[in-house]
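Please read the structure below before turning to the comments.
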Amino acid sequence: MAARRKYRGDMASRWRRRTTCVLIADNPTPAALRDVSGAGAFVETSVRPPLGAGVELHHPEAGVICGTVAGLAPDGIRIGFPGTEASVAFALAAIAADMSRPAIF
């Protein structure tokens with residue numbers, strides 16, 4: 001029997017997958033979108049811009065959103081969005097795109 005991943009509340013579950021995005025801080029860097037909402041996102045990345053720095057997140061299907069670095073973690077960063085209708089639309093588009101293709105295990 002195959003091992004099952006436990007759902008932790010993030011986007012990478014058996015129905016969703018992490019999407020490879022491009023994070024632009026100083027330079028474009030690959031990032032994996034792990035969690036997203038109208039208020040912000042967590043991306044797995046190797047870059048660590050300073051708190052409060054402005055960044056852009058480019059999603060292959062949801063488009064581009066600007067935000068600020070709201071938190072740092074060993075495996076990535078939390079980006080805060082302005083909480084506008086555009087932020088919610090970006091989040092919904094990213095979630096819908098991730099749910100429209102089967103996850104790869």
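Each reported figure results from applying straightforward, stated rules to the coordinates on display, with no laboratory input. If you're wondering where the values come from, they're calculated on a predicted model, not measured in any experiment. All Cβ positions, even for glycine, are placed from backbone atoms using ideal geometry, and neighbour counts span all protein chains on display.
Summary table
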| item | result |
| --- | --- |
| Per-pair calculated FRET efficiency, R0 = 22 Å: Ala53 and Ala86 via Cβ, rounded to 0.05 | 0.65 |
| Karplus-derived HN-Hα couplings along the range 34-45 (A = 6.51, B = -1.76, C = 1.60, θ = phi - 60°), whole Hz, x at Gly and Pro | 9, 8, 8, 8, x, 8, x, 8, 10, 10, 7, 7 |
